[in-house]
Amino acid sequence: MSRDLPCFGEPPTGRAQKVRGDDVWRQVRRAWEGGETAQSCARRFDVGLDNLWRRRAKENWSRDRPEDPAPEPTVGWDRHAEGLLEAFEARLAEVRELAGHLADTLAGREIEDVSVWHLGFLFHQRAERLGPETAAADREKVRARGDDWADDVWDADGRLKPLAAIDRALMRRWREDWRAEQGLPEGVAAWAP
């Protein structure tokens with residue numbers, strides 16, 4: 001029993017092998033990188049689709065695809081920009097107000113007219129920068145006034161609690177206020193402070 005096998009370099013029986021030169025493959029690459037589909041390139045240049053994908057991977061072909069443009073907001077760009085500007089100015093005013101309070105507290109003035117959400121931060125800054133005597137005096141002033149939130153800021157030994165613990169305690173103490181400021185209606189996200 002003899003079997004006829006094709007010789008090395010000859011196409012298998014019944015199937016013509018396509019051999020394309022480097023010029024053709026440069027044109028294929030240029031077309032594909034220019035955005036033409038692989039199937040269209042294979043058809044137009046008469047090359048095998050599998051071969052096209054193999055060459056693309058081997059030679060690291062890539063398409064210089066421009067970034068997608070930003071989708072237009074539903075309110076339009078002008079109204080969107082107005083909203084962004086208002087939000088920026090509000091954040092800027094809030095940061096500047098806090099910076100003013102911080103400067104006052106670090107100059108040794110009492111902490112007054114400050115959002116409760118910043119109390120822990122301000123007391124920590126005073127303790128860090130003005131020393132333990134100032135921290136002890138702050139604690140005594142707050143306790144002498146009878147402020148019930150003093151235990152949220154200082155432990156039983158009179159030490160400042162960690163800032164994150166103070167923040168969480170104050171959010172729990174004034175939960176409804178915090179939720180209203182964040183826009184959370186009652187009954188949703190019950191886990192949130």
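About its Cα centre, how strong a charge dipole does the chain have in debye, to the nearest 20, once Lys and Arg get +1 and Asp and Glu get -1 at the Cβ? Walk me through the intermediate numbers first.
Values: 32 positive and 38 negative charges, 356 e Å.
Its charge dipole is roughly 1700 debye.
Dividing the Cα convex hull volume of the chain by residue count, how many Å³ per residue is that? Walk me through the numbers before you get to the answer.
Details: hull volume 72.9 nm³, N = 193.
Here the figure is 378 Å³ per residue.
Loop only by DSSP, 11 or fewer other Cβ within 10 Å of the Cβ. Give me the trypsin sites (Lys or Arg not before Pro) in the stretch 99-135 that pass, ordered by residue number. Let's see the in-between values first.
Working: sites: ARG109, ARG126, ARG129; in loops: ARG109.
Of the trypsin sites (Lys or Arg not before Pro), the ones in loops of the stretch 99-135 whose Cβ has at most 11 other Cβ atoms within 10 Å are ARG109.
State the percentage of accessible surface on the chain attributable to carbon and sulfur atoms; use a 1.4 Å probe and exclude ligands, DNA and RNA.
Working: 7340 of 14340 Å².
Whole-percent figure for carbon plus sulfur exposure: 51.
Between ALA90 and ALA103, 0.36 nm times their residue separation minus their Cα-Cα distance comes to what?
Working: separation 13, 0.36 × 13 = 4.68 nm, distance 1.99 nm.
Contour length minus Cα-Cα distance gives 2.7 nm.
Mind giving me the nanometre distance, one decimal, between the label points for GLU59 and PHE45, set 7 Å out from Cα along Cα→Cβ?
It works out to 0.6 nm between the two label points.
Cα-based Rg (one decimal) and Dmax (whole number) for the stretch 44-117, in Å?
When restricted to the Cα atoms of the stretch 44-117, Rg and Dmax are 28.1, 83 Å.
Just the number please: accessible area per residue for the chain, 1.4 Å probe, all protein chains included, in Å².
Numbers: 14340 Å² over 193 residues.
Here the per-residue accessible area is 74 Å².
Give me the percent relative contact order of the stretch 56-148, please, defined on Cα pairs under 8 angstrom at least 6 residues apart.
On the way: 25 pairs, mean separation 14.0, N = 93.
Across the stretch 56-148, relative contact order equals 15 percent.
Counting Lys and Arg as +1 and Asp and Glu as -1, what is the net charge of the other residues whose Cβ lies under 12 Å from the Cβ of ARG175?
Numbers: positive: ARG168, ARG172, ARG173, ARG179; negative: GLU176, ASP177, GLU181, GLU186.
So the surrounding residues net to 0.
Measure nothing fancy, just the Cα-based angle from helix 119-130's long axis to the longest principal axis of the chain, in degrees from 0 to 90, nearest 10.
80 degrees
For the stretch 97-193, what is the per residue volume of the convex hull drawn over the alpha-carbon atoms, in cubic angstrom? Provide the component values of the computation, followed by the final result.
Details: hull volume 10.2 nm³, N = 97.
Taking only Cα atoms, the stretch 97-193 has a hull volume of 105 Å³ per residue.
Order of 142-151, 58-67 by packing, highest average Cβ count within 10 Å first? List each step's numbers first, then the result.
Details: 142-151: 12.3, 58-67: 8.5.
Ranking, from highest mean packing down: 142-151, 58-67.
At 1.4 Å probe size, with no ligands or nucleic acids counted, give the accessible surface of GLU176 in Å², nearest ten.
For GLU176, the solvent-accessible surface is approximately 110 Å².
Using the Cα centre of the chain as origin and beta-carbon charges of +1 (Lys, Arg) and -1 (Asp, Glu), tell me which of GLN17, GLY158, GLY83 is placed farthest towards the positive end of the dipole.
Of the listed residues, the answer is GLN17.
Return the calculated 222 nm mean residue ellipticity for the chain, to the nearest 500 deg cm²/dmol, obtained by summing -39500 (n - 2.57) across DSSP H runs with n ≥ 4 and dividing by the residue count. Walk me through the intermediate numbers first.
Working: 9 runs with 109 residues, N = 193.
Calculated mean residue ellipticity at 222 nm is -17500 deg cm²/dmol.
For the peptides 30-39, 116-125, 164-173, what is the packing order when you average, over each peptide's residues, the other Cβ atoms within 10 Å and list the highest mean first? Before the final figure, lay out the partial values.
Values: 30-39: 13.5, 116-125: 18.1, 164-173: 15.9.
Result, highest mean first: 116-125, 164-173, 30-39.
Note down the nm distance, to one decimal, between modelled labels 7 Å out along Cα→Cβ at ARG29 and at ASP157.
About 7.1 nm separates the two model spin labels.
The values are calculated or read from the model by the stated rules, or taken from the named source; none is laboratory data. Note that the structure is a prediction, hence the values are computed from the model and not measured. Note that we place each Cβ from the backbone using ideal geometry, even for glycine, and neighbour counts take in every protein chain shown. For the accessible areas, the whole protein counts, side chains as well, though only heavy atoms, and no ligand, DNA or RNA atoms are used. Shrake-Rupley method; radii C 1.70, N 1.55, O 1.52, S 1.80 Å.
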